[in-house]
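Structure record follows, encoded as structure tokens.
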Amino acid sequence: MGIVEDLSDTITFLGTAGARFVVTKQFLASGGAWLNLGGTQILLDPGPGCLVQAVKRKLDALKLKAIILSHKHLDHSGDINIMIEAMTEGGRRRRGVLFAPSDALNKDAVIFPYLRNFPQNIEILSEGGSYSVDGVTFETPVRHKHPVETYGMVFKTPRHTFSWITDTKYFPELADYYRAELLVMNVVLMEPREPVDHLSLVDAARIIKDVKPKAAILTHFGMSIWRSKPWELAQKMSDEAGIKVIAARDGMKFDLAKLDDP
């Protein structure tokens with residue numbers, strides 16, 4: 001029998017924690033997300049516990065084609081070095097691509113210098129950038145409003161498009177940059193709170209209304225959202241927007257084929 005080609009696009013949430021107290025107390029896991037896009041496996045934002053969460057779910061780091069780091073804050077980068085080791089068998093197999101902003105590698109770098117020759121290549125993320133990994137392309141359309149250099153992503157596979165708005169303060173143009181079938185957003189706060197540069201539930205509702213995706217997934221929750229039962233908040237948003245809004249759960253696997261259903 002021949003090899004069966006994997007034509008599915010899935011996102012596995014290795015964690016949904018998004019604020020220092022939720023992360024440090026591990027009320028929710030903080031491992032980032034594992035993308036399997038038509039067989040091309042990509043790790044996004046390997047925060048603290050990523051390796052444990054991946055092994056727990058039988059996800060093999062040797063199958064990773066790339067690791068993407070949206071920014072260098074520890075809740076996104078805590079396991080970046082061990083996942084580079086895991087992807088490359090401790091450097092014995094030079095493989096995979098690492099994508100990261102320049103400040104994750106330069107000033108106050110979070111990626112250890114001794115690991116930088118382990119991947120086949122390191123590509124620097126920048127505003128308006130376009131990148132490719134084994135037939136999967138993604139763009140970083142705009143630099144976010146966040147204390148360190150930060151980018152969200154718009155992914156395109158032969159089957160689907162989805163965007164991921166990572167950490168940022170809300171600004172009106174966000175919706176224009178992230179139009180896609182599926183919209184994933186890091187939503188830390190219940191309501192906007194100065195000077196915290198993170199999206200709130202109020203911001204998320206506004207973006208969903210503007211983008212009008214087929215579905216939206218909320219993740220990266222702060223304490224206020226976690227205490228308010230994010231699944232109930234998402235259901236209320238669904239009812240109000242007329243668009244399916246899902247609160248991600250630790251370990252949740254979302255198949256983008258669901259977007260094809262009438």
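Read-outs throughout are calculated quantities, based only on the coordinates presented, and are distinct from any laboratory measurement. Being a predicted model, the structure only gives us computed values, none of them experimental. Reconstructed Cβ throughout: ideal geometry from the backbone, glycine too, with neighbour counts over all protein chains shown.
Before moving on, here are some points about what is shown:
- The alpha carbon gyration tensor of region 28-96 gives principal lengths a ≥ b ≥ c with a/c below 1.5, which makes the shape rounded.
- Charged side chains reduced to their Cβ positions (Lys and Arg at +1, Asp and Glu at -1) give region 122-229 a dipole of some 500 debye around its Cα centre.
- Pairs with C-alpha atoms separated by more than 31 Å, drawn from the list Lys107/Lys229; Lys25/Lys156; Lys145/Lys236, are Lys107/Lys229; Lys25/Lys156.
- Put simply, when 176-186, 244-254 are sorted by average Cβ atoms within 10 angstrom per residue, most first, you get 176-186, 244-254.
- This model, with +1 at the C-beta of Lys and Arg and -1 at the C-beta of Asp and Glu, gives the chain a dipole about its Cα centre of some 520 debye.
- Estimated dipole of region 58-97 in Debye, rounded to 20 [Cβ of Lys and Arg +1, of Asp and Glu -1, Cα centre]: 280 debye
- Tensor-based shape of region 122-212 (alpha-carbon gyration tensor, a/c under 1.5 rounded, otherwise prolate or oblate): oblate
- Listed values for region 232-239 are Karplus-derived 3J(HN,Hα) couplings in whole Hz (6.51 cos²θ - 1.76 cosθ + 1.60, θ = phi - 60°), namely 6, 4, 5, 5, 5, 5, 4, 4, and x replaces Gly and Pro.
- Mean ellipticity per residue at 222 nm, deg cm²/dmol - from DSSP H runs of n ≥ 4 across the chain, formula -39500 (n - 2.57): -5500 deg cm²/dmol
- Extreme residue, positive dipole direction of region 58-184, given options Ser70, Gly90, Tyr114 (C-beta unit charges): Gly90
- Low-density loop cleavage sites - trypsin sites (Lys or Arg not before Pro) in region 182-224, where at most 15 other Cβ are within 10 Å (DSSP): Arg193
- Comparing Ala180, Val154, Trp34 along the charge dipole axis of the chain, the residue lying farthest to the positive side is Trp34, per the Cβ-charge model.
- Enclosed volume per residue, in Å³, of the convex hull spanned by Cα atoms of the chain: 126 Å³
- Each peptide in 15-22, 130-137 was scored by the mean count of other Cβ atoms within 10 Å over its residues; highest first, the order is 15-22, 130-137.
- Whole-angstrom Cα spans of region 70-192 along principal axes, big to small: 45, 35, 23
- The slack between Asp255 and Lys25, meaning 0.36 nm per residue of separation minus the straight C-alpha distance, is 79.8 nm.
- Fewest-first sequence of Ser126, Ser238, Ser163 by Cβ atoms within 10 Å of each Cβ: Ser126, Ser238, Ser163
- Note: relative contact order over the chain, using C-alpha pairs below 8 Å and six or more positions apart, is 17 percent.
- Where both bridge residues fall in region 9-260, DSSP classifies roughly 50% of the beta bridges as antiparallel.
- Part-to-part distance (alpha-carbon centres) for region 40-70 and region 82-159, which is given in Å: 13 Å
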